[in-house]
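Below: the structure, in C-alpha cells.
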Amino acid sequence: METVYVDNNATTRVAPEVVEAMTPYFSDFYGNPSSMHAFGGSVGAKLKTAREQVASLLGALPEEIVFTSCGTESDSTAIHAALQSNPDKRHIITTRVEHPAVKNLVEHLGKIGYRTTFVPVDRQGRLDLDFLYDRLSDDTAIVSVMWANNETGTIFPVEEIARKVRQRGIVFHTDAVQAVGKVPIDMGDSAIDMLSLSGHKLHAPKGIGALYVRKGTKFAPFLMGGHQEGGRRAGTENSASIIGLGRAAQLATEWMDEENSRVRAFRDKLESELLKRVPASMVNGDPENRLPNTTSIAFEYIEGEAILLLMDQHGICASSGSACTSGSLEPSHVLRAMGVPFTAAHGSIRFSLSIYNTEEEIDFIIDKMPPIIERLRQMSPFWREGQFA
Amino acid sequence: METVYVDNNATTRVAPEVVEAMTPYFSDFYGNPSSMHAFGGSVGAKLKTAREQVASLLGALPEEIVFTSCGTESDSTAIHAALQSNPDKRHIITTRVEHPAVKNLVEHLGKIGYRTTFVPVDRQGRLDLDFLYDRLSDDTAIVSVMWANNETGTIFPVEEIARKVRQRGIVFHTDAVQAVGKVPIDMGDSAIDMLSLSGHKLHAPKGIGALYVRKGTKFAPFLMGGHQEGGRRAGTENSASIIGLGRAAQLATEWMDEENSRVRAFRDKLESELLKRVPASMVNGDPENRLPNTTSIAFEYIEGEAILLLMDQHGICASSGSACTSGSLEPSHVLRAMGVPFTAAHGSIRFSLSIYNTEEEIDFIIDKMPPIIERLRQMSPFWREGQFA
Amino acid sequence: MWDYTDKTKDHFLNPRNVGFIDDFDGIGEVGSLACGDALKLTFKLDENERIADAKFQTFGCASAIASSSALTEMIKGLTLDEAAKVTNEDIADYLGGLPKEKMHCSVMGRDAMEKAIAYYRGEAEKKIDGEIVCECFGVTDKQIERAVKENG
Ligand SMILES: Cc1ncc(COP(=O)(O)O)c(C=O)c1O
Ligand SMILES: Cc1ncc(COP(=O)(O)O)c(C=O)c1O
Ligand code: FES
Ligand code: FES
C-alpha cells in the first residue's frame, strides 16, 4: 500500500537535497565547529553559510539567527528572554489558539505569578484585536501571537499587531513555525522582534529550529553553558542539522511559488470536493486568510480517531487536532476556542499538503473519504438525530 | 593530508553503523511518532527500541530515559527539575571543575538569589569530599558532580558521594557526558538520581542527548509544550537522532572492552612517550582515576593555541581546554581550579582518543609533537628562564 | 499512536452488532460528546429471559467502537444477572487489553449495560438525572442531550 501523506503540519519529509547536504557531516566532517583545528573550523564555515541561508529566507541578517533544537525551544527562548530582560514587567499576552509550546508555557508562568491574558478568537478563528490592544499596559513584557495556526491554517495579522505593540515599547514575538516556507516573510521591513521556526516543518530534519532575534532586542539565553551561538544558545552546534536547515531554507525560497499555486490548487480541490460529497461537513477557520496547504474539515457526528484509523487503512495520513495533543482525549483547544460545536470539533480532520503531493493522491483521498464518513455515521447514535434537528 | 583525530572529548565521529540506522528516518519514514497513523506510529515503535538500548547501556529502565537535544539541555533540565520540585530549598552544590553547562548555569542561579557552593579540587584534580559533605544542609536542593572531567579525564567518586547525599534526602545529579560509553555504568545498583549524557560524545550525532531520571524522582519539565517524552520534554521527537543514539548505545556496549584495553594502551603509550621525549612536560589530573581515552599534557612555557595550530599543520586535531571555551583566551577554569601554574596551564593540550584511532596515528603524533614544542619554546621568553628556575 | 491489539483492531474495523433494535426490551444510553464518546445499547430477550440480540451505536474513538462491539458479542446468550456482572476489565480482556489511557472507554459499555437492564426492570430513573457519565470532563448526560439539541 502506498502512503498518501497529507500531514505536513505535523512534520514533513526531509528533502533528499537536504539529506545530501547533511550526510558528509556525520562520519566525514564531524569536527566540532568551535575547535581550534582546520578539521573543525571548516565545519564552522559551513554553519556560516547555513546561517546566511536561513537569514535570507526571512529577509534577516545572519547575526539575527540563533539555532535551537526545535520550535518549542525557540518559543521558550523568546518568552524567557523577554521576561528576563524586563524583570519589572509581569504581564504576558498571547492567544487562546497558540500551539502548546506557547500556551502551556504561558499557563505555567501564570501559575508561578505572572499575569497572563489569552486573546479570544471568533467562530472563524479570527483574533479579537481590540481585546488585545486594550490589554496592552506598561506592565506587559511580551506579546506572543502565532503567525499561522497549525490546526486550521488561519493566518493572523502579526505585522499589524507588532506595529501597535512596538508603539508601546513592548516586545513582540511570533511563533511562525507553520508560516515559514509557506508564505513570504521579510523581517527587514517588519516590527516583529522575535520569530520562531522549526526545521521539520519545512523539509529539514526534526531536532533543529531557529529563533530570529532582531538586532538590538534585549536578550538572555534560555540554555546556558558554552559560548555557542554568540552566547545566545549553549550546547555543541548540531552541525549536520544546521547545514540541512540552511539547504531547506534555500529550497523553501525556490518552492514558494509552487506552494502558493500548485499546492494551493490541490488543497482547494480537496476541500471543495469533500464539502460537496460529504453532507454535514464544513471548513474550520478563516477561508480568507489561510496557509495555502491546510484545510481543517469538520465531519459532524463522528469522532476523529476513528476517522483517522479508517483513513490509515488506505494509507492516508492526516491528523485530528495537532499531533502534539493527539495523545490526549480532549477535543482540540483551538476548535473549542473558536466555539466549534463538540459534535463537529471531535470529527475534524486536518489535511496539510506539501509540494510532494500529486493530483492522483488528491483524487484518491476525494474518492476514499465519503464512504469512511458514511460508514462511521451509520454507527453513530447522533447521526439520525442530527439530521432531523 | 590525513586527519589524525584525537579530539574525541570535543566530539566524535558518527559511527557508520549509526548513520545507517538513522538514514531511513529522514526521507522515507519521516512520520511524526505521535501521529495517529501507522506511518508515524511505526516510528514510535523504533523510538521504543532506542529507549531500551540507551537504558540498557546505563542499566536503567526504559521509562527512566528522557531524550533531550544535548548534554547542556540534560544538565539544565536536571538542575531546574530539582529546584522546581523543591521550591523551599535555595542551595546548590557543585564543583569548581564542571563543564560550563553546569558551571555557568549555577553561577547564573547564584546571581538570581540561590546560594551556591563550588567544591574545590586539589592539584591532581581530586575533589575535597569533606568540604562537600560539610556543606550539605536541609536547604540543599541538589548536588551536581560530573562523573568524569572533560579536560583531564579525572573520574570522580560519584557513587560514594551520591550515597552520602541520598542519606540526607537531597537530589544527586551527575553530568556523565564524558563517562557514558567509556566506563561501565549501572544505574540499577546506584544512588544517583539523575544522569546526563550527550550523543555526540559516543559516536551518535550532535543535537541529541538524554537525561536519566530515576523512577520516583520528583521532576518538572524544562521545555514545556506538547506531551512528548511522557510530558517530561516537549518538542517533536528527533526520531532519526534518537534511533541513532540507540544504535550508538548498543555499539558502546560492544566496544567497552576495546575502549578499556586497546584505546587505553594507545593513550598510555602516547602519554609516556611524550613525557619522555619532551622536557618540562607533565600530566594534568589524577592518573589513578581517569578515563581510558584522555590525557591532558602541560608543555610548559608555551601557549596552547600556537601548539594546536602547528599540530594542525600535520592534520593532528586536539584541544586546549574544552572546545566550548576555546573561543576565549583565558586559561581553562579546570586547570586554574587545580592550581596548575599559568606557565603550564596555557600550554596544556588534551589528547582524547577513540576506537577509531590506530597505532600508526599514535606513532605519528609521538613523532610530530617534540619538534613543535621545541620550535615554540625557541620563541618563548620564559623558556630559558624556566630552565634555570 | 495507540497500541491496539489485533482483536481490538478487528472489532473496530469489523464491528459486530451495529444498529438499533426497534422493539427493544432494554435500552441504555451513556457518554459524553465532550470526550468524544457516547454509546446507545439495545437488547432483546428470548423466552428464557436470556439476551437473544444486542445492538449498539457509538460516537467514539476506535476503542469505544471495539469495546461496544465486544460487549454485544459477550452478552448474547447471558441472563440479565450474568450480563450485569460483565465488567469493563472483562471487555478489555476479551479484546486482549486496551491502552491504559483508553480503559475508561470500556467503562461506557458496562454503564450502558447497567442502564439497559435498569430500564427493562423499570428502575431507569434510579440515578440518571445529572449523573456524571464521563470521567474526561465531568459532563452530565443532561448536558449532552442539550448539546446534541443545541448543536445538531
Ligand atoms: C562534561 C560535559 N558536560 C556537558 C557537555 C555539553 O554537551 P553538549 O555539547 O552536547 O551540550 C560537554 C561537552 O561539550 C561535556 O564535556
Ligand atoms: C505552530 C507551532 N508551534 C510550535 C511547534 C513546535 O515545534 P517543534 O515540534 O519543532 O518543537 C509546532 C509543531 O509541532 C507548531 O505547529
Ligand atoms: S592571546 Fe593573543 S595577546 Fe593574549
Ligand atoms: S473518550 Fe471514551 S469515554 Fe471519554
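The values are calculated or read from the model by the stated rules, or taken from the named source; none is laboratory data. As the structure is a computational prediction, the values presented were derived from the model and not from experiment. Here the Cβ is made from the backbone with ideal geometry for all residues, glycine too, and neighbour counts use every protein chain on show.
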**Q.** Tally, over region A:29-42, of residues that are more than 8 Å from chain B (Cβ to nearest Cβ) and modelled with pLDDT under 95
**A.** 3
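Which is within 16 Å of ligand 2 (Cβ to nearest atom), touching a residue at least 24 places away in the same chain (Cβ under 8 Å), farther than 30 Å from B:Pro370 by Cα and not assigned by TED's automatic domain parsing to the domain that holds B:Glu330, of B:Gly231, B:Gly226, B:Gly246?
Step by step, each of B:Gly231, B:Gly226, B:Gly246 is checked, and only B:Gly226 is within 16 Å of ligand 2 (Cβ to nearest atom), touching a residue at least 24 places away in the same chain (Cβ under 8 Å), farther than 30 Å from B:Pro370 by Cα and not assigned by TED's automatic domain parsing to the domain that holds B:Glu330.
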Q) Restricting region B:225-251 to residues that are of a type in the set (A, V, I, L, M, F, W, C) and buried (at least 24 other Cβ atoms within 10 Å of the Cβ), which is nearest to ligand 1 (Cβ to nearest atom)? A) B:Leu245
(Q) Of the conditions (1) in a loop (DSSP other than H, G, I, E, B); (2) modelled with pLDDT under 90, B:Thr343 satisfies every one except a single condition; which number is it? (A) (1)
Q.
Kindly evaluate A:Arg115 against the criterion of being surrounded by fewer than 18 Cβ atoms within 10 Å (Cβ to Cβ), touching a strand residue (DSSP E or B) at 6+ places or on another chain (Cβ under 7 Å), in the same structural domain as A:Ala176 (by TED's automatic domain parsing) and among the basic types (Lys, Arg).
A. yes
**Q.** Hits in region A:169-196 (condition: within 13 Å of the chain's Cα centre (by Cα) and either away from chain B (no Cβ under 14 Å) or over 14 Å from A:Val102 (Cβ atoms) (or both))
**A.** A:Thr174, A:Ala176, A:Ala179, A:Val180, A:Gly181, A:Lys182, A:Val183, A:Leu195
Q: Please tell me if B:Tyr25 is at the interface with another protein chain (Cβ under 8 Å from one of its Cβ atoms) and of a type in the set (Phe, Trp, Tyr).
A: no
Q: Could you list all residues from region B:16-73 that are among the β-branched types (Val, Ile, Thr) and more than 14 Å from B:Ala249 (Cα to Cα)?
A: B:Thr23, B:Val43, B:Val66, B:Thr68, B:Thr72
Q: Give the number of residues within region C:27-54 that are in contact (Cβ under 8 Å) with a residue 60 or more places away in the chain and in contact with a Ser or Thr (Cβ under 7 Å, 6 or more places away or on another chain).
A: 4
Q | All positions within region C:98-112 that are touching a helix residue (DSSP H, G or I) at 6+ places or on another chain (Cβ under 9 Å) and either within 10 Å of ligand 4 (Cβ to nearest atom) or closer than 10 Å to C:Asn88 by Cβ (or both) | A | C:Leu98, C:Lys102, C:Met103, C:His104, C:Cys105, C:Ser106, C:Val107, C:Met108, C:Gly109, C:Arg110, C:Asp111
(Q) It is to be established whether one or more residues within region A:370-381 are among the charged types (D, E, K, R) and surrounded by 21 or more Cβ atoms within 10 Å (Cβ to Cβ). (A) yes
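For every residue, the table says whether it meets (1) away from ligand 3 (no atom under 16 Å from the Cβ); (2) over 30 Å from A:Lys206 (Cα atoms); (3) touching a Leu at 6+ places or on another chain (Cβ under 7 Å); (4) at pLDDT below 95.
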| residue | (1), (2), (3), (4) |
| --- | --- |
| B:Arg247 | yes, no, no, no |
| B:Val263 | yes, yes, yes, no |
| B:Leu270 | yes, yes, no, no |
| B:Thr295 | yes, yes, yes, no |
Q | Extreme residue, nearest to C:Met103 (Cα to Cα), among residues of region C:75-92 that are among the hydrophobic types (A, V, I, L, M, F, W, C) and buried (at least 19 other Cβ atoms within 10 Å of the Cβ) | A | C:Ala92
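Out of the residues in region A:43-58 meeting the condition of being farther than 24 Å from A:Ala176 by Cα and touching a residue at least 60 places away in the same chain (Cβ under 8 Å), tell me which one is nearest to the other protein chains (Cβ to nearest Cβ).
So the residue we want is A:Val43.
Quick check on region B:84-91. Is at least one of its residues acidic (Asp, Glu) and crowded, with 24+ Cβ neighbours inside 10 Å? Can you show your working first?
The first filter runs over region B:84-91 and keeps only residues acidic (Asp, Glu), leaving B:88.
Restricting the remaining residues to those that are crowded, with 24+ Cβ neighbours inside 10 Å gives none.
For region B:84-91, residues acidic (Asp, Glu) and crowded, with 24+ Cβ neighbours inside 10 Å: absent.
Per-residue answers, yes or no, for (1) hydroxyl-bearing (Ser, Thr, Tyr); (2) surrounded by fewer than 21 Cβ atoms within 10 Å (Cβ to Cβ); (3) more than 27 Å from A:His227 (Cβ to Cβ); (4) away from ligand 2 (no atom under 16 Å from the Cβ):
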| position | (1), (2), (3), (4) |
| --- | --- |
| B:Met1 | no, yes, yes, yes |
| B:Val14 | no, no, no, yes |
| B:Tyr25 | yes, no, yes, no |
| B:Asp28 | no, yes, yes, yes |
| B:Lys46 | no, yes, yes, yes |
| B:Leu61 | no, yes, yes, yes |
| B:Thr72 | yes, no, no, yes |
| B:Ile79 | no, no, no, yes |
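To keep it simple, each residue is scored yes or no on (1) under 27 Å from B:Ser348 (Cβ atoms); (2) within 21 Å of the chain's Cα centre (by Cα); (3) at pLDDT 95 or above.
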residue	(1), (2), (3)
B:Arg126	yes, yes, yes
B:Asp130	no, no, yes
B:Asp138	no, no, yes
B:Ile142	no, yes, yes
B:Glu151	yes, yes, yes
B:Ile161	yes, yes, yes
Q) If we keep just the residues of region B:6-52 that are within 16 Å of ligand 1 (Cβ to nearest atom) and not polar (S, T, N, Q), which is farthest from A:Phe39 (Cα to Cα)? A) B:Val18
Q) How many residues does region B:214-228 hold that are within 13 Å of another protein chain (Cβ to nearest Cβ) and more than 23 Å from the chain's Cα centre (by Cα)? A) 6
Q. Quick one: A:Gly207 ticks every box in (1) over 28 Å from B:Pro24 (Cα atoms); (2) modelled with pLDDT of 95 or more; (3) within 14 Å of another protein chain (Cβ to nearest Cβ) bar one, so which box is it?
A. (1)
Q) Quick one: is A:Val54 of a type outside the set (S, T, N, Q), in contact with a His (Cβ under 8 Å, 6 or more places away or on another chain) and buried (at least 21 other Cβ atoms within 10 Å of the Cβ)? A) no
Q: Sort out for me the helices (runs of 4 or more DSSP H) sitting completely within region B:235-338 that have 1 or more residues that are more than 11 Å from every other protein chain (Cβ to nearest Cβ), β-branched (Val, Ile, Thr) and under 23 Å from A:Gln228 (Cα atoms).
A: B:333-337
